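Here's the structure, in structure tokens; my notes come after.
The values are calculated or read from the model by the stated rules, or taken from the named source; none is laboratory data. Keep in mind that what you see is a predicted model, and the values were worked out from it rather than measured. Don't worry about glycine lacking a Cβ; one is built from the backbone with ideal geometry, like all the others, and counts go over all protein chains shown. These area figures cover heavy atoms from the full protein model, side chains too; ligands, DNA and RNA do not enter into them. Shrake-Rupley method; radii C 1.70, N 1.55, O 1.52, S 1.80 Å.
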Amino acid sequence: MEDKRKYQYWMKCIPGIGNKKLRKLVEYCGSAQEVYGLGEQELKNVEGLRPCDVRAILESRERFDPEKEARVLEETGVSMITLEEEEFPERLRHLADCPYALFYKGDLPKEEEKTAAIVGARMCSSYGRAAALDLGEKLAACNVSVVSGMAFGIDSFGHWGALRGGGKTYAVLGCGADVCYPGGGRELYEQIWKNGGILSEYPPHTRPAAAQFPARNRLISALSDVVIVVEARKKSGSLITADFALEQGKDIYAVPGRMDDVQSAGCNELIRQGSGIITSCESLLEELGLAADKSEGKENFIKNLLEKEEALVYSCFDLQPKNMEELLKEVKIPAAAMADLLVRLQTKGLIEEYFKNHYRKK
């Protein structure tokens with residue numbers, strides 16, 4: 001690892017020193033390596049640093065071994081980019097609390113890349129799930145990358161929709177980029193970093209913490225051209241993302257729900273306040289001036305996504321629904337294994353159970 005990276009990583013890991021102060025330090029000195037060489041009196045001259053900040057920097061320099069920690073960072077397979085580099089995402093630089101460093105697996109969104117955030121409730125309904133999958137897939141078909149937080153529910157289905165459409169998707173985490181959270185989302189995590197990227201402002205090995213998730217929402221909205229809310233209660237993290245989007249001057253769209261549906265109360269309120277309303281995926285794409293790419297991306301992705309037995313069962317489906325008995329006749333596997341495969345195909349948004357034990361391709 002080149003020298004500047006070692007010192008950038010050291011500076012990002014100083015306890016209690018936030019993004020604004022890190023930015024001031026770099027502006028004052030020119031680089032993290034120069035900050036590392038400052039004496040106590042010079043640190044006291046930096047505007048905005050309190051005595052406790054100076055102590056934290058000096059103590060961190062005593063405890064932190066740049067060579068050793070740089071090797072640990074490399075071993076995680078996580079890349080780092082900082083404000084000191086021209087390649088740092090321009091979309092984030094304008095933020096008042098812009099992260100000094102980003103950690104990521106896979107890729108970062110390119111500046112010219114069209115992006116849309118899909119966010120919403122963790123405990124979503126089948127209506128919300130279908131909407132998120134459809135929106136993700138159709139945006140991907142228009143070469144729009146989907147950004148979200150990989151949480152259970154709407155976030156995950158938005159990611160899966162983009163993957164199903166053969167497009168790119170990016171997850172911004174409230175933990176280290178090397179930490180798969182939620183733990184049950186390992187397969188989605190792997191697919192995202194292979195077909196987009198996993199991003200975080202927190203160093204590797206950082207465990208999830210409640211306070212870190214609202215903060216990451218500002219990055220989800222900042223990396224997106226538009227923010228789409230699918231099912232949200234009146235007080236929810238999705239509305240925090242919408243608030244950040246408003247502050248950042250981004251367009252917000254919401255999927256309407258029933259008047260008495262608490263899961264959609266937040267979306268309905270956003271619409272009442274003037275956000276865009278999504279009555280269909282097609283109308284949204286038309287409003288955004290997008291046209292679908294008729295490529296074979298979706299089918300190619302599905303082939304790569306599925307394991308051998310999943311692909312075998314999926315190939316049995318055509319336009320007509322099939323029940324369990326019909327599938328067991330076509331694929332000679334135990335009923336319990338078939339049930340498990342059907343659940344996995346449903347989770348990936350490829351089939352649906354439209355009637356008990358009757359399935360069809362979506």
* Structure fact -> Note: E62 to K332 extended length (0.36 nm per residue) minus current alpha-carbon separation gives 90.8 nm
* Which stretch or stretches of region 121-160 have amide N atoms under 13 Å from the point lying 7 Å from E187's Cα along the Cα→Cβ direction? -> 160
* Structure fact -> Ranked by GNM mean-square fluctuation in the chain (Cα springs under 10 Å), the top entry among G167, G266, G249 is G249
* **Amide H partners (placed H, <5 Å) of I228, local residues excluded** => A117, I118, V119, Y253
* Structure fact -> So the carbon and sulfur contribution to the accessible area of the chain, 1.4 Å probe, in percent, is 50 percent
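Which shape class applies to region 115-193: rounded if a/c is under 1.5, otherwise prolate when a/b exceeds b/c and oblate if not, where a ≥ b ≥ c are the square roots of the Cα gyration tensor eigenvalues?
It is oblate, given that a/c is not under 1.5 and a/b is not larger than b/c.
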* Structure fact -> Rounded to 0.05, the calculated FRET efficiency for the beta carbons of E111 and C13 at R₀ = 35 Å is 0.80
* Rounded to whole Å and ordered largest first, report the semi-axes of the equivalent ellipsoid of region 1-156 derived from its Cα gyration tensor (root of 5λ). => 38, 16, 16
* To do: At most 11 other Cβ atoms within 10 Å and a DSSP loop assignment: could you name the GluC sites (Glu not before Pro) in region 18-82 that fit?
  => E47
* List every residue whose amide H lies under 5 Å from the amide H of I277, counting only residues 5 or more places away in sequence or on a different chain, with H placed 1.01 Å from N in the peptide plane. => A254
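With runs of 4+ DSSP H residues as the only contributors, calculate the mean residue ellipticity of the chain at 222 nm using -39,500 (n - 2.57) per run, divided by the residue total and rounded to the nearest 500.
-13500 deg cm²/dmol
Considering every pair of different Cα atoms, what Kirkwood radius, in Å, is found for region 26-100?
14.4 Å
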* Structure fact -> Of R50, R63, R23, the most mobile residue in a GNM of the chain (C-alpha springs, cutoff 10 Å) is R63
* How many angstrom separate the Cα center of region 199-248 from the Cα center of region 309-362? -> 35 Å
* Asked: Could you give the angle, 0 to 90 degrees to the nearest 10, between helix 126-141's Cα long axis and the longest principal axis of the Cα atoms of the chain?
  -> 70 degrees
* Karplus-derived 3J(HN,Hα), 6.51/-1.76/1.60, for each residue of region 4-11, Hz, glycine and proline x -> 4, 5, 4, 7, 5, 5, 4, 5
* **Percentage relative contact order, region 81-217, counting C-alpha pairs under 8 Å, at least six apart** => 25 percent
* Structure fact -> A correct Karplus calculation of ³J(HN,Hα) over region 27-38, with 6.51 cos²θ - 1.76 cosθ + 1.60, θ = phi - 60°, whole Hz and x for Gly and Pro, returns 5, 6, 9, x, 6, 5, 5, 5, 4, 4, x, 5
* Asked: Mind listing the phi-derived Karplus ³J(HN,Hα) values for region 68-78, rounded to whole Hz, using 6.51, -1.76 and 1.60 with θ = phi - 60°, and x for any glycine or proline?
  -> 5, 5, 5, 5, 4, 4, 4, 5, 6, x, 9
* Asked: Which semi-axis lengths, in whole Å and largest first, follow from the square roots of five times the eigenvalues of the Cα gyration tensor of region 77-144?
  -> 29, 15, 12
* Structure fact -> Here the alpha-carbon Rg of region 180-332 over 2.2 N^0.38 Å rounds to 1.33
* Å² per residue, accessible surface of region 1-144 at 1.4 Å -> 49 Å²
* Could you state the per residue volume, in Å³, of the convex hull enclosing the Cα atoms of region 137-266? -> 105 Å³
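Which order do D178, D107 take when ranked by solvent-accessible area (1.4 Å probe, heavy atoms of all protein chains), largest first?
Heavy-atom accessible area, descending, gives D107, D178.
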* Can you pull the Kirkwood radius for the chain, inverse mean 1/r over Cα pairs, to one decimal in Å? -> 22.0 Å
* Structure fact -> Comparing L342, L43, L312 in a Gaussian network model of the chain (Cα, 10 Å), the one with the largest mean-square fluctuation is L312
